[in-house]
Amino acid sequence: MSSSNDASVIFWVFLGVRLLLAFLILVFVGASIWCWNNGYENAVWGLGSAAVMLAGMIVLFTGMSRKYRGMMNRRRHD
């Protein structure tokens, strides 16, 4: 397996994870709006904090994939 192939596989894996997390955030936001409208104020706090944690994971994955891709590029140039 060539290093460029590795980098593209890693890119797609990270992209897939980020899309999945973004979808989950939308689900959590939708669920919290539904709970708010139906009088479940306590559930909104839990769902909101879960959405914030997922957003943090997306930021983390983005940083990790950039860092890893940078390492792969450096290795290719050497």
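Key figures for this structure:
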| read-out | value |
| --- | --- |
| Top-ranked residue in region 2-43 [being over 18 Å from the mean Cα position of the chain (by Cα) and polar (S, T, N, Q); ranked as nearest to Ile58 (Cα to Cα)] | Ser32 |
| Verdict on Phe11 being surrounded by 14 or more Cβ atoms within 10 Å (Cβ to Cβ), in a helix (DSSP H, G or I) and of a type in the set (Phe, Trp, Tyr) | yes |
| Contacts under 8 angstrom Cβ, first residue in region 16-44 being in a helix (DSSP H, G or I), partner of a type in the set (A, V, I, L, M) and exposed (fewer than 12 other Cβ atoms within 10 Å of the Cβ), 6 or more apart | none |
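FYI, it's all coordinate maths here, none of it is from the lab. This structure is a prediction, so every number in the text was calculated from the model and none was measured. Methodologically, a virtual Cβ is constructed for each residue, glycine included, from the backbone with ideal geometry; neighbour enumeration extends over all protein chains shown.
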